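The values are calculated or read from the model by the stated rules, or taken from the named source; none is laboratory data. Quantities reported herein were computed from a predicted structural model and do not represent experimental measurements. Glycine also receives a Cβ, built like all others from the backbone with ideal geometry; neighbour counts cover every protein chain displayed.
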Amino acid sequence: MAGKRERSDRARRPTRGTERPGRGERPARAPARRAREARGIVALLAMVVAVGAAAAALAPPGASVSAAGGESIVVAGKRIPIGTRVVLWDEKPFFDAAARRRHDRPDVVLPERPAPGCDTPERIGKRAGVASAGDLGRAVHQFVIHYDEAWTSANCFHVLQDIRGLSVHFLCDQDGTIYQTCDAIERCRHARAANDRSVGVEVAHPGALTDALAGRYRRDARGVFLAVPERFGAAPFRVSGFVPRPARPEPVRGRIHGREIAQYDFTDEQYEALARLAAGLARALPRIRLDAPRDSEGRVRTGVLGEEEAAAFEGILGHYHLQTDKTDPGPAFDWERVLKRAEAVRSAREPL
């Protein structure tokens, strides 16, 4: 300690040729010192501006973010621009699938009612044999589309993270906002046997039409809209004042696994966001073709694929293509609209 004190004392002694200022006097500032201080002030102002910009990007749900935030997804640590608003897991509202805890109650680790095998702190894991971007590009060849039956992406993440112990890479809200909950290199729990070979998205939607749900689809001067229940909050979407309107005004009827289902369409905003997301994933993971399983007449199939066929398929799938107990994204999902738009985006290499 004494040695350290001596060195400290010597360091405080004035060097030769200098004098301490007298009591009450202020030392003259050298030009170099004034320049350093000026540069420090400029740097501080730049930091303040940067913090302000970051705060704008973290606008709370319900606020307009058209002029703020990023438009890139993350694949193996690399940002892939897709030309539509993307909220990452480290931005408000912090939909972070890697968090080993509940989102609604951070003091609680395990999910409330876990799905089979999901009663663990982890909601995501590592893909078998994938340790790099190159491994990921070779291993992942499917993009699985779900609808969440949760109305909003916020409620969907709550169900996945807090209730069921499940996970998915992306959420697409009714206003077209894409939320990414983890890097696409991670293995999420969303499609059982396909988890290692796929990335997934949950598209916000209330689900197949029932008598009770039909009463929530109403008309105004602009046409049909979905009246979102008050339990989802006064501002359930990130875009301020957004009102969900199905892309087609009447319910769409069709068969999934031979069962007839009626369903209102998704929003125009969702279709555009999904097409851009699909194009970005196809660019980053080239084994994902911009096509869906088709029958002998070229129509997108409405039933489950065989086990070997499902494992070998390269492209975009509905959840119902993988499991007989699933019907999402349902008969209203406009496959051709998404696939054609995604191909147009990729062919034009938008956005670059």
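Might you check whether a residue that is modelled with pLDDT under 95 and either within 22 Å of VAL338 (Cβ to Cβ) or part of a loop (DSSP other than H, G, I, E, B) (or both) occurs anywhere in segment 250-265?
no
Taking segment 306-325 as the search range and keeping residues that are in a loop (DSSP other than H, G, I, E, B), surrounded by fewer than 19 Cβ atoms within 10 Å (Cβ to Cβ) and touching a residue at least 60 places away in the same chain (Cβ under 8 Å), which one is farthest from the chain's Cα centre (by Cα)?
Restricting to residues being in a loop (DSSP other than H, G, I, E, B), surrounded by fewer than 19 Cβ atoms within 10 Å (Cβ to Cβ) and touching a residue at least 60 places away in the same chain (Cβ under 8 Å), the top hit is THR324.
Here's the yes/no breakdown for (1) of a type outside the set (Val, Ile, Thr); (2) more than 15 Å from the chain's Cα centre (by Cα):
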| site | (1), (2) |
| --- | --- |
| GLY125 | yes, yes |
| GLY129 | yes, yes |
| GLY137 | yes, yes |
| ILE145 | no, no |
| THR152 | no, no |
| ASN155 | yes, no |
| ASP162 | yes, yes |
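Counting only residues that are crowded, with 22+ Cβ neighbours inside 10 Å, hydrophobic (A, V, I, L, M, F, W, C) and within 23 Å of PRO106 (Cβ to Cβ), how many does segment 133-153 have?
The qualifying residues number 0.
Name every residue in segment 199-212 that is buried (at least 16 other Cβ atoms within 10 Å of the Cβ) and without any contact (Cβ under 8 Å) to a residue 40 or more places away in the chain, in order of residue number.
none
I need the full set of residues from segment 74-100 which are assigned to a loop (DSSP other than H, G, I, E, B) and on the phi < 0 side of the Ramachandran plot, in order please.
Passing the criteria: LEU88, TRP89, ASP90, GLU91, LYS92, PRO93, PHE95, ASP96, ALA97, ALA98, ALA99, ARG100.
For segment 218-232, give me the residue count where each residue is surrounded by 14 or more Cβ atoms within 10 Å (Cβ to Cβ), within 27 Å of the chain's Cα centre (by Cα) and free of Cβ contacts under 8 Å to residues at least 60 places away in the same chain.
Adding up the residues that qualify gives 2.
Determine, yes or no, whether GLY129 is part of a helix (DSSP H, G or I) and in contact with a helix residue (DSSP H, G or I) (Cβ under 9 Å, 6 or more places away or on another chain).
no
In the list ALA212, ALA193, ALA273, ALA278, which residue meets the criterion of being assigned to a helix (DSSP H, G or I), under 23 Å from THR327 (Cβ atoms), hydrophobic (A, V, I, L, M, F, W, C) and more than 23 Å from the chain's Cα centre (by Cα)?
Exactly one of ALA212, ALA193, ALA273, ALA278 is assigned to a helix (DSSP H, G or I), under 23 Å from THR327 (Cβ atoms), hydrophobic (A, V, I, L, M, F, W, C) and more than 23 Å from the chain's Cα centre (by Cα), namely ALA212.
Considering only segment 295-305, how many residues are loosely packed, with under 13 Cβ neighbours inside 10 Å and either at pLDDT below 95 or not acidic (Asp, Glu) (or both)?
Within segment 295-305, residues that are loosely packed, with under 13 Cβ neighbours inside 10 Å and either at pLDDT below 95 or not acidic (Asp, Glu) (or both) number 3.
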